[in-house]
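Working notes, structure below.
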Protein chains: 2
Amino acid sequence: MNFSKMENVTNLQSISYNQEKKFLQILDQLELPHKTKYLDIKDTKDAWTAVKTMQVRGAPAIAIVGCLGVAIELSTAKLSSKEELHTFFAEKMEYITTARPTAVNIHGAAKFLKEYSAKLLEDTSCSLTSMKEKIISQIETMLETDVDDNKRIGKFGAEDIVSRLNGGNAKILTHCNTGELATAGYGTALGVIRHLRELGKLEKVYCTETRPYNQGARLTAYELLQEKIDGTLICDSMVSLLMKMKKIDAVVVGADRVAGNGDTANKIGTYQIAISAKYHNVPFYVAAPFSSIDLSLSNGDSIPIEFRPDDELAYINGIRIAAPGISCWNPSFDVTPAALITGGIITEKGVFKQNTDEYFVFE
Amino acid sequence: MNFSKMENVTNLQSISYNQEKKFLQILDQLELPHKTKYLDIKDTKDAWTAVKTMQVRGAPAIAIVGCLGVAIELSTAKLSSKEELHTFFAEKMEYITTARPTAVNIHGAAKFLKEYSAKLLEDTSCSLTSMKEKIISQIETMLETDVDDNKRIGKFGAEDIVSRLNGGNAKILTHCNTGELATAGYGTALGVIRHLRELGKLEKVYCTETRPYNQGARLTAYELLQEKIDGTLICDSMVSLLMKMKKIDAVVVGADRVAGNGDTANKIGTYQIAISAKYHNVPFYVAAPFSSIDLSLSNGDSIPIEFRPDDELAYINGIRIAAPGISCWNPSFDVTPAALITGGIITEKGVFKQNTDEYFVFE
């Protein structure tokens, strides 16, 4: 893996990583679409800050940038024993998961990597140097795996949507940003849209603004333009009228965490779109890597929902848009019950359908 | 009617009219809440421009400012016969209704006033001077009538909501702006909220931002602060989560036009809130003067929906928030079917309930 390869994988180069030099840069998503500015991520703290301030966002991208930040710090850390390495690594992984609570992928990755480190610690045939190399290498493969998984998600999702069309091409609504910028590349829900286009079955994409952070207006609109996909921006409040006018064949969104029964936490507003889709008989899909599924939770009630500061709602680009003095309520996510996910949950393993009361019970 | 009286009627002084001097000023709502800037309205053209550019908005306020603009122009017009007066007046009234298509109040007022002018034209006992005075006087009474009607709306609505409470005080959600700024004073939906507070039965108000023009964030939030009402601002996309968390006892919104069966055109996003309210069993009310009811329409399908320019969605305060080049879809209103108006339609004549298939058939 090197710069030139990464340039091919992600057109927008949202995550640039040089394996040899252990050099990570991310595109600052707070500055998009106006400025293309890269930030150096040199250690765990840099990664934590970038995630916390939403310079990088999207559940898969958060996991990758968080873990790479730890890997870079690990690569130069002076550690005199395997025990010391394990403790150091476990502490850094625990810290990085505290940046944002809702997206599960980084929590899953941290759990997996800590267990992997513990196994290497016990393996007497593994040297200190080898242990460090193996952990770093394991993290570095996440970048490639994520892109491959997204391409499978795109294919499974697009084929499922096409199977529902009564002739013609698909008009798709999506919410928030789930593309190159939210993942290592290709995208989840946006990957489905990309694959529909590859199949010649995409007519049109509508993307919501996604208040209060405008990921749709800033990031998805930007990605659609870059990909020359016919896209139109709407306000979050316009979804129902659009559906009533029969302009939508399917909704596809991403996920920050899916419970074992299929209840799905995603960007605030997703739940409202799902209610409207149900009312208008429009199939509603969630597209996410299997790592977004948290089988430890039987339903969505116990998914932690992050609340963000008032100012993120009251200001845009540093200018106050709300009357000075008004208080705000600013949940960053909501949970869509499985019953409203009428299309299915699209993963790299296939599309899970709600044809039983419980999702994923057969896994 | 004079300045000092008007100051008592509208605390925010959104419409300032001096009857003796025929001098009209309106508060420029595009500048709120940051600047309190008044605009002189000297004739029909000034009024048309203020309505078109949304310096004044809200169905009742549009009607009043539009008609007063014509009245002022009429007061100094050199007209040599009653026929000439009638033609002049009818043309001005027709022109003023072209500024915005959805709100019906100004259309109703224009129809009524043109008929009134025609009647005076035929009345041989009425002189040219008297005809002019009577028409102007008729328009001037609209200001006072609107405030009185709003107070009755407030009382009827608040009492209906209180009758549904199982003890405790009401937590109300409202959308867009329906207060002093949208009317001659007191407000429609906000008048209901005001009266709930007067009864000591108001716990809390949530107001939506109301994208893309942010009437909620800018104007309703501002009015709630002025009135010292406990208000919290949310994004349009957060309504469903708020209802799921049982934080809302009733939704009250305004109307731009109500069809004979109760289907209601109102600010874009209203329909989506009504769907969500239905899903969560939250009563949904429309509050509007009876002049908002267009009995010529049997249902909402034929209410004209205004589309506004892309830039009103893509820019805030002159700064582009959407990716450059993306196209937008920007309907200004949507129609909520009567079946979703589960609380009722509150007018100055009482609260109309959907206990038959048709609203208002008994009128």
Handout entry: P(r) weight above 11 Å for segment B:61-106, C-alpha pairs, percent
Key = 67 percent
Problem - Computed log₁₀ I(q)/I(0) - Debye formula, equal Cα scatterers, no solvent, segment B:66-181, q 0.13, 0.15, 0.20, 0.21 Å⁻¹ - result: -0.63, -0.75, -1.09, -1.16
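Take the residue pairs B:K21/B:K349; A:K21/A:K52; A:K21/A:K151 and return only those whose Cα atoms are more than 30 Å apart.
Going by Cα-Cα distance, B:K21/B:K349 fall outside the 30 Å limit.
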Fill in the blank from the handout: Taking the convex hull of the alpha-carbon atoms of segment A:257-323 and averaging its shadow over every direction gives an area in square nanometres of 6.8 nm²
Exercise for the section: Run a plain Debye calculation on segment B:132-201 (Cα atoms as equal point scatterers, no solvent) and give log10 I(q)/I(0) at q = 0.16, 0.26, 0.27 Å⁻¹, rounded to two decimals, same order as the q list. Expected result: -0.58, -1.08, -1.13
Practice task
Over the whole of A:208-214, what's the average partner chain Cβ count within 10 Å per residue? Rounded to a whole number, please.
Solution key: 5
Problem - Sites matching GluC sites (Glu not before Pro) across segment B:95-200 that sit in DSSP coil, with at most 13 neighbouring C-beta atoms within 10 Å - result: none
Exercise for the section: Using only Cα positions of segment A:1-131, each an equal point scatterer, no hydration layer, compute I(q)/I(0) via Debye at q = 0.09, 0.14, 0.19 Å⁻¹ and quote the log10 values to two decimals. Expected result: -0.27, -0.64, -1.09
Practice task
Normalising by the residue count of segment A:44-141, find the relative contact order in percent from Cα pairs under 8 Å and 6+ residues apart.
Solution key: 36 percent
Fill in the blank from the handout: Here the whole-number average of other chain Cβ atoms within 10 Å per Cβ of A:326-338 is 5
Practice task
Towards the positive end of the charge dipole of segment A:269-325, with charges on Cβ (+1 Lys, Arg; -1 Asp, Glu), say which of A:S298, A:A314, A:F284 has the farthest Cα.
Solution key: A:F284
Practice task
For B:I319, go 7 angstrom from Cα along the Cα-to-Cβ vector, then report the distances to that same point in the other copies in nm, smallest first.
Solution key: 0.7
Practice task
Pull up the cross-link candidates among the aspartates and glutamates for A:K119, meaning alpha carbon to alpha carbon under 18 Å and not fewer than 8 places away within one chain.
Solution key: A:E83, A:E84, A:E91, A:E94, A:E133
Handout entry: Surface share of carbon and sulfur [accessible, 1.4 angstrom probe, percent] for segment A:29-141
Key = 54 percent
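Could you calculate the contour length gain from B:R320 to B:E84, that is, 0.36 nm times the residue separation minus the distance between their Cα atoms, to one decimal place in nm?
80.1 nm
Explain nothing, just the number: dipole magnitude of the protein assembly as shown about its Cα centre with +1 on each Lys and Arg Cβ and -1 on each Asp and Glu Cβ, in debye rounded to the nearest 20. Don't jump to the answer; show the numbers that get you there.
Details: 80 positive and 90 negative charges, 58 e Å.
My answer is approximately 280 debye.
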Problem - Averaged over B:268-278, number of beta-carbon atoms from partner chains that fall within 10 Å - result: 6
Practice task
Could you order peptides A:221-231, A:337-347 by the average number of other Cβ atoms within 10 Å of their residues, highest first?
Solution key: A:337-347, A:221-231
Problem - Net lengthening on full extension, B:E306/B:T129 (0.36 nm per residue, minus Cα-Cα) - result: 59.9 nm
Exercise for the section: Label chain B by shape, choosing from rounded, prolate and oblate, from the square roots a ≥ b ≥ c of the eigenvalues of the Cα gyration tensor; if a/c is under 1.5 it is rounded, and otherwise prolate applies when a/b is larger than b/c, oblate when it is not. Expected result: prolate
Exercise for the section: Mind jotting down a quarter of the surface of the convex hull over the alpha carbons of segment B:221-267, in square nanometres, one decimal? Expected result: 4.7 nm²
Completion exercise
Treating only Lys and Arg (+1) and Asp and Glu (-1) as charged, each at its beta carbon, one finds that segment B:157-282 has a dipole about its Cα centre, in Debye to the nearest 20, of 340 debye
Handout entry: Accessible surface buried upon B-A contact (total; probe 1.4 Å; Å², nearest 100)
Key = 4800 Å²
Exercise for the section: Can you bin the protein assembly as shown into rounded, prolate or oblate? Criterion: square roots of the alpha carbon gyration tensor eigenvalues sorted a ≥ b ≥ c, rounded for a/c under 1.5, prolate for a/b above b/c, oblate for the rest. Expected result: prolate
Exercise for the section: Count the DSSP beta bridges whose two residues both fall in the protein assembly as shown, then state the antiparallel fraction as a percent rounded to the nearest 5. Expected result: 50 percent
Problem - Position A:D40, label points 7 Å along Cα→Cβ, spacing to each other copy in nm (shortest first, one decimal) - result: 6.2
Problem - For A:S302, label point 7 Å along C-beta direction: distances to other copies, nm - result: 5.8
Exercise for the section: Find how many whole Å separate the alpha carbon centroid of segment A:117-163 from the alpha carbon centroid of segment B:172-230. Expected result: 52 Å
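Only Cα pairs under 8 Å and at least 6 apart count here; give the relative contact order of chain A as a rounded whole percent.
The normalised contact order for chain A reaches 15 percent.
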Practice task
Could you please state how large a percent of the accessible area of segment A:221-363 is carbon and sulfur, counting protein chains only and using a 1.4 Å probe?
Solution key: 49 percent
Problem - segment A:149-252: C-alpha gyration tensor shape, a/c 1.5 cut-off, then a/b vs b/c - result: oblate
Problem - Lys/Arg +1, Asp/Glu -1 at C-beta; chain A dipole; positive extreme among A:T36, A:T232, A:A47 - result: A:T232
Handout entry: Spatially proximal aspartates and glutamates relative to A:K278 (Cα-Cα < 16 Å; intrachain offsets below 8 disregarded)
Key = A:D249, A:D263
Problem - Antiparallel bridge percentage (DSSP; both residues within chain B; nearest 5) - result: 50 percent
Problem - Estimated inter-spin distance, B:E198 and B:T53, nm [label 7 Å along Cα→Cβ] - result: 3.6 nm
Completion exercise
Protection proxy (average C-beta count within 10 Å per residue), highest first, orders B:257-266, A:310-319 as B:257-266, A:310-319
Problem - Nearest-ten-degree value, helix A:128-164 long axis tilted from longest Cα axis of chain A - result: 10 degrees
Completion exercise
In terms of the charge dipole of the protein assembly as shown, which places +1 on Lys and Arg and -1 on Asp and Glu at the beta carbon, the residue among A:A109, B:T174, B:F23 farthest towards the positive end is B:F23
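For segment A:139-217, what does the accessible surface come to per residue with a 1.4 Å probe? Please give it in Å².
Counting only protein heavy atoms, the per-residue value for segment A:139-217 is 29 Å².
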Handout entry: Rounded Å value of the spacing that divides the Cα centres of segment B:33-67 and segment A:278-355
Key = 40 Å
Practice task
As a check on your grasp of the helix formula, calculate [θ] at 222 nm for chain B: sum -39500 (n - 2.57) over DSSP H runs of n ≥ 4, divide by the residue count, round to the nearest 500.
Solution key: -12000 deg cm²/dmol
Fill in the blank from the handout: Treating only Lys and Arg (+1) and Asp and Glu (-1) as charged, each at its beta carbon, one finds that chain B has a dipole about its Cα centre, in Debye to the nearest 20, of 840 debye
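The values are calculated or read from the model by the stated rules, or taken from the named source; none is laboratory data. All figures in this text were calculated on a predicted structure; none of them were measured in a lab. We place every Cβ from the backbone using ideal geometry, glycine too, and count neighbours over all the protein chains shown. In case anyone asks, the SASA skips ligands and DNA or RNA and just uses the protein heavy atoms, side chains included. Shrake-Rupley method; radii C 1.70, N 1.55, O 1.52, S 1.80 Å.
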